[in-house]
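Asker: Pasting a structure below so you can have a look.
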Amino acid sequence: MKILEATSLSHTFEYPLFSDISLSMNSGETVAIIGESGIGKSTLLHILSSLLQPNEGAVELLEKDIYALNSRELVKLRRDELGLIFQSHYLFKGFSAHENLEVASILASEPIDETLVSRLGLDDVIKMKVTQLSGGQQQRISIARVLTKKPRIIFADEPTGNLDNKTSLEVMKIFEEYVQDEEAALLLVTHNEEFAHRCHKVYKLENRVLTQVK
């Protein structure tokens, strides 16, 4: 099943970032976007994940033209189908790590996966307040929170940026297993070309053009 279809995307801030970009993604697929810092990768991710309307072009997620949806339909799509992992973790700062997972669990009517918590190395800190956690621990809680809600599509912007190599590799394995087990899809923005090339498809954003390199 086609999960994402982006057609002829163009976007400009103070200067043109990219133009006439198209890509697609099916269920069961993992896709990476690589490129230099400041080239527009995160902006493209925001456009594909419903957070920023492009100057030109269209995005369909699960066969819905997302920028033709009304605000209620868009909120429902984000809540029920999309998992967003950013460099800023957007955790509830006054809550414990476990309470952050509970929020996702309640909203999605899905249980917390204790095996996932263990694989992410969070057993010893799960009861601690978010403000007591390191950046890497917060990043892992953010990943666990997103996977708890069982999204159809995961959009991840440098999800391993604060993690050591061993933990980063485990996170990539968790993503890959999730995509296969749930017939979901992953769109990953990363500077780590080793992890990028674990994905089924790799695109490089360069000189305002998106080129498939794998």
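Asker: Report whether or not residue 193 is farther than 17 Å from residue 22 by Cα and either at pLDDT 95 or above or surrounded by 15 or more Cβ atoms within 10 Å (Cβ to Cβ) (or both).
Answerer: No: the conditions fail for residue 193.
Asker: Specify which of the listed residues (86, 92) is in contact (Cβ under 8 Å) with a residue 12 or more places away in the chain and exposed (fewer than 15 other Cβ atoms within 10 Å of the Cβ).
Answerer: Answer to the selection: 92.
Asker: Test of understanding: among 176, 170, which residue is acidic (Asp, Glu) and touching a helix residue (DSSP H, G or I) at 6+ places or on another chain (Cβ under 8 Å)?
Answerer: The unique qualifying residue is 170.
Asker: Against the condition among the β-branched types (Val, Ile, Thr) and under 23 Å from residue 102 (Cβ atoms), how does residue 125 come out, does it pass?
Answerer: Judged against the criteria, residue 125 is a match.
Asker: Let me ask something additional. Only one residue in 48, 9, 52 is aliphatic (A, V, I, L, M), crowded, with 18+ Cβ neighbours inside 10 Å and under 18 Å from the mean Cα position of the chain (by Cα). Which one?
Answerer: 48
Asker: A further question follows. Restricting to the stretch 172-190, and then to whatever is β-branched (Val, Ile, Thr) and over 20 Å from residue 117 (Cα atoms), can you tell me which residue is surrounded by the most Cβ atoms within 10 Å (Cβ to Cβ)?
Answerer: My answer is 189.
Asker: Pairs please, first residue from the stretch 1-30 and under 16 Å from residue 205 (Cα atoms), second anywhere and part of a strand (DSSP E or B) and charged (D, E, K, R), Cβ atoms under 6 Å, 6+ apart in sequence or on different chains.
Answerer: Filtered contacts from the stretch 1-30: 8/20; 10/56; 24/5.
Asker: Continuing with the same structure: For the stretch 91-103, which positions are in contact with a strand residue (DSSP E or B) (Cβ under 9 Å, 6 or more places away or on another chain), outside any loop (DSSP other than H, G, I, E, B) and of a type in the set (A, V, I, L, M, F, W, C)?
Answerer: Within the stretch 91-103, 97 is the sole residue that qualifies.
Asker: Pull up the stretch 108-128, narrow it to residues that are among the charged types (D, E, K, R) and free of Cβ contacts under 8 Å to residues at least 24 places away in the same chain, then point me to the one that is farthest from residue 79 (Cα to Cα). It would help to see each step written out before you state the result.
Answerer: The initial filter retains those residues of the stretch 108-128 that are among the charged types (D, E, K, R), namely 110, 113-114, 119, 123-124, 127.
Checking which are free of Cβ contacts under 8 Å to residues at least 24 places away in the same chain leaves us with 114, 123-124.
Values: 114: 22, 123: 26, 124: 29 Å.
Only one residue fits best here, namely 124.
Asker: Just for the stretch 134-172: of the residues that are out of contact with any strand residue (DSSP E or B) (no Cβ under 8 Å at 6 or more places or on another chain) and part of a loop (DSSP other than H, G, I, E, B), which one is nearest to residue 50 (Cα to Cα)?
Answerer: For the stretch 134-172, the residue satisfying everything is 150.
Asker: Quick check, is residue 106 assigned to a loop (DSSP other than H, G, I, E, B) and out of contact with any helix residue (DSSP H, G or I) (no Cβ under 7 Å at 6 or more places or on another chain)?
Answerer: No: the conditions fail for residue 106.
Asker: Just to be sure I understand, how many residues within the stretch 129-171 are crowded, with 23+ Cβ neighbours inside 10 Å and either without any contact (Cβ under 8 Å) to a residue 40 or more places away in the chain or charged (D, E, K, R) (or both)?
Answerer: 3
Residues are listed down the side, and each one gets a yes or a no for (1) part of a loop (DSSP other than H, G, I, E, B); (2) modelled with pLDDT under 95; (3) farther than 22 Å from residue 214 by Cβ:
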{"site": "11", "(1), (2), (3)": "no, no, yes"}
{"site": "14", "(1), (2), (3)": "yes, yes, yes"}
{"site": "17", "(1), (2), (3)": "no, yes, yes"}
{"site": "38", "(1), (2), (3)": "yes, yes, yes"}
{"site": "46", "(1), (2), (3)": "no, no, yes"}
{"site": "54", "(1), (2), (3)": "yes, no, yes"}
{"site": "58", "(1), (2), (3)": "no, no, yes"}
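Asker: Collect the residues in the stretch 29-56 that are in contact with a helix residue (DSSP H, G or I) (Cβ under 6 Å, 6 or more places away or on another chain), under 27 Å from residue 174 (Cβ atoms) and not aliphatic (A, V, I, L, M), keeping them in residue-number order.
Answerer: Answer for the stretch 29-56, where residues must be in contact with a helix residue (DSSP H, G or I) (Cβ under 6 Å, 6 or more places away or on another chain), under 27 Å from residue 174 (Cβ atoms) and not aliphatic (A, V, I, L, M): 30, 35, 50.
The values are calculated or read from the model by the stated rules, or taken from the named source; none is laboratory data. Everything quoted here is computed from the prediction, not taken from an experiment. Methodologically, a virtual Cβ is constructed for each residue, glycine included, from the backbone with ideal geometry; neighbour enumeration extends over all protein chains shown.
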